[in-house]
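One structure is given below, encoded as structure tokens.
Nothing in this text is a laboratory measurement; each read-out follows from the coordinates by a stated rule. Note that the structure is a prediction, hence the values are computed from the model and not measured. Note that each Cβ is placed from the backbone with ideal geometry, even for glycine, and that neighbours are counted across all protein chains shown.
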Amino acid sequence: MRYLRLLLIPLLGLVVLGSAAGCMSSKTKKKNYPVAVVRFLLEADATNAGAMVRLPQSGVAIPVEAKAHFTEYDIEGCDVVDNELGKSLVFKFTSAASRDLFRLSVPNQGKRVVTTINGQPVGARRIDRPLAQGVLVTYVEIPDEELEKLARNIVRTSKDLRDELERSQK
């Protein structure tokens, strides 16, 4: 009987999780654009390395902390800008995330912030000064002709997910 309980409890847990996932997916509307989920990971030192990520074109390997410091819920805008080194993405954070970005950037100058899209590392930016404006400019290893569409999809995804979160909390 005891062994039967040990088998049934995990099985029951899977059924409950499956039901919850089904309910959640029925509330989430289907997107009519490619979803672009952005996460920002801080470069880790030897004591807190969570994983090693590798940028797609340059092959640069960067150890990062396991937990993202900023997510798609923190993004208010994303644009493409041209500057002396080429095109880059400019992320505009919400006011709460802007304060957190400043607090993160002050003690971590010299480290890099790695940008991932849908779980894939696409770029990194070294923190060279306190980031007080709520903006993060990042060069990404994505072809220039894809950047405008990607920026629009990042904004759409972030807005839709924030809206869904707000509706679910009512």
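Check which residues have an amide H placed less than 5 Å from V53's amide H, if you skip close sequence neighbours.
Distant-sequence amide H within range of V53: I62, V64.
Give the Rg (one decimal place) followed by the Dmax (whole number) of the stretch 43-96, computed from C-alpha coordinates and expressed in Å.
Spelled out, the Cα radius of gyration and Dmax of the stretch 43-96 are 14.2, 37 Å.
What is the order of K67, K111, fewest Cβ neighbours within 10 Å to most?
In increasing order of surrounding Cβ atoms, one gets K67, K111.
Could you estimate the translational diffusion coefficient of the stretch 33-168 from the Stokes-Einstein equation, with Rh from the Kirkwood formula over C-alpha pairs, at 37 °C and 0.692 mPa s, in whole µm²/s?
Estimated via Stokes-Einstein, D reaches 217 µm²/s.
With the cut-off at 1.5 for a/c, could you classify the stretch 90-167 from its C-alpha gyration tensor as rounded, prolate or oblate?
It is oblate, given that a/c is not under 1.5 and a/b is not larger than b/c.
Order of T157, T47, T138 from fewest to most other C-beta atoms within 10 Å?
T47, T138, T157
Which ³J(HN,Hα) values, rounded to whole Hz and listed in residue order, are derived for the stretch 31-47 from phi using the Karplus coefficients 6.51, -1.76 and 1.60 in 6.51 cos²θ - 1.76 cosθ + 1.60 with θ = phi - 60°, glycine and proline given as x?
Along the stretch 31-47, the couplings run 8, 9, 8, x, 5, 10, 8, 9, 10, 10, 10, 8, 4, 9, 9, 4, 7 Hz.
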